[in-house]
1. From the list Leu270, Leu207, exactly one residue is in a loop (DSSP other than H, G, I, E, B) and under 30 Å from Gln61 (Cα atoms). Which is it?
2. Against the condition more than 19 Å from the chain's Cα centre (by Cα) and either surrounded by 14 or more Cβ atoms within 10 Å (Cβ to Cβ) or touching a residue at least 24 places away in the same chain (Cβ under 8 Å) (or both), how does Arg212 come out, does it pass?
3. I'm trying to understand the selection: among the residues of the range 217-231, which are assigned to a helix (DSSP H, G or I) and within 24 Å of the chain's Cα centre (by Cα)?
4. Tell me which residues, restricted to the range 187-204, are over 21 Å from Asn236 (Cα atoms) and either hydroxyl-bearing (Ser, Thr, Tyr) or not in a helix (DSSP H, G or I) (or both).
5. List every residue pair whose Cβ atoms sit under 7 Å apart, with the two residues 6 or more apart in sequence or on different chains, where the first one lies in the range 145-166 and is assigned by TED's automatic domain parsing to the domain that holds Met222 and more than 14 Å from Ile255 (Cα to Cα) and the second, anywhere, is of a type in the set (Asp, Glu) and at pLDDT below 95.
6. Being of a type in the set (Ser, Thr, Tyr), at pLDDT 95 or above and touching a helix residue (DSSP H, G or I) at 6+ places or on another chain (Cβ under 8 Å) is the requirement here; does Thr227 meet it?
7. Among the residues of the range 232-256, how many are in a helix (DSSP H, G or I) and without any contact (Cβ under 8 Å) to a residue 40 or more places away in the chain?
8. For the range 168-186, how many residues are among the basic types (Lys, Arg) and either in a strand (DSSP E or B) or within 10 Å of the chain's Cα centre (by Cα) (or both)?
Amino acid sequence: MFRDYYMTLAQKIIVWGGAVFICCFGCPAQVKAGEPLLAAVQMGDFRVKLLEAAQNRQGLQVFYRDKAIGEEQDNFYREVSMEISSDDLSEQGLMLTEISLYTGGANCCQGYYLLVGGQDNASCAGYIEPYDGGLIRNEDPKGYVVLDPAFKGYSREGTDLFLSRAESDRLSRLLLFENSQWHVDSAGQFPDFYQARLDETSADVKLNPVFRAIALAYYSLMKGNSTDNAKQVLKNNLPTVFQAEELVNEIFKDIQRAAGEFDPIENLSLN
């Protein structure tokens, strides 16, 4: 059996260790202590069911107009949280529902459903398991900052170039809701955002010099600079021992591939 709970924009639902907590500003509590974890939340055409599973774990299933979308997610760390906001992601007054759940692991491994509703032609559902488990809200432009791990533990065969996971950071990208779907940004779309990343990277004296060179070239491409310019940035900032033309070309190809192929979110079919 399921028990239905209808949430206002100010509500938040958290499931932890087999107990349900609904935080609601200005509204009465709707879950009694000791009740079994069987609940559902309605947000427009979307409906989210929290399922009681074995060994004190929870499952979660998302529905759109009573049709299940995505896979039923097991919650290995006994926590599911949902926040409903009225963020205007596309200047159309659309409502964003963000659901986060642990998918396993320690201090990492979170999955997120990002549900957008408010107009039939704009409803959208995305699922993402971001690297290191985090989604960071970004206000200008509206969306999220997500991390591209393409150069964690990076190396080039036949050379001494190797970046341990500790020596290589993650690269920032923007996740946006546009044209009724979630996607990462394109090169040249937000030059100011990437100029800020360039400035931060240049000023970070703790970065491994090889990773700094890669990051500067990556952000140069994403800012919208020409490939020749970005490749020169890479060469100028690499340690001298790694400035051979052939090696620079190979590293730059990897940077282009990483920037162009990064696609961390799945847009779920609502049909």
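The values are calculated or read from the model by the stated rules, or taken from the named source; none is laboratory data. Quantities reported herein were computed from a predicted structural model and do not represent experimental measurements. Note: ideal-geometry Cβ built from the backbone for every residue, glycine included; neighbour counts use all protein chains shown.
1. That would be Leu270, the only listed residue that is in a loop (DSSP other than H, G, I, E, B) and under 30 Å from Gln61 (Cα atoms).
2. Yes.
3. Selection gives Ala217, Tyr218, Tyr219, Ser220, Leu221, Met222, Lys223.
4. Ala187, Gly188, Gln189, Phe190
5. Sorted first by the residue in the range 145-166, then by its partner, the pairs are Leu147/Asp132.
6. yes
7. Number of matching residues: 14.
8. Total meeting the criteria: 1.
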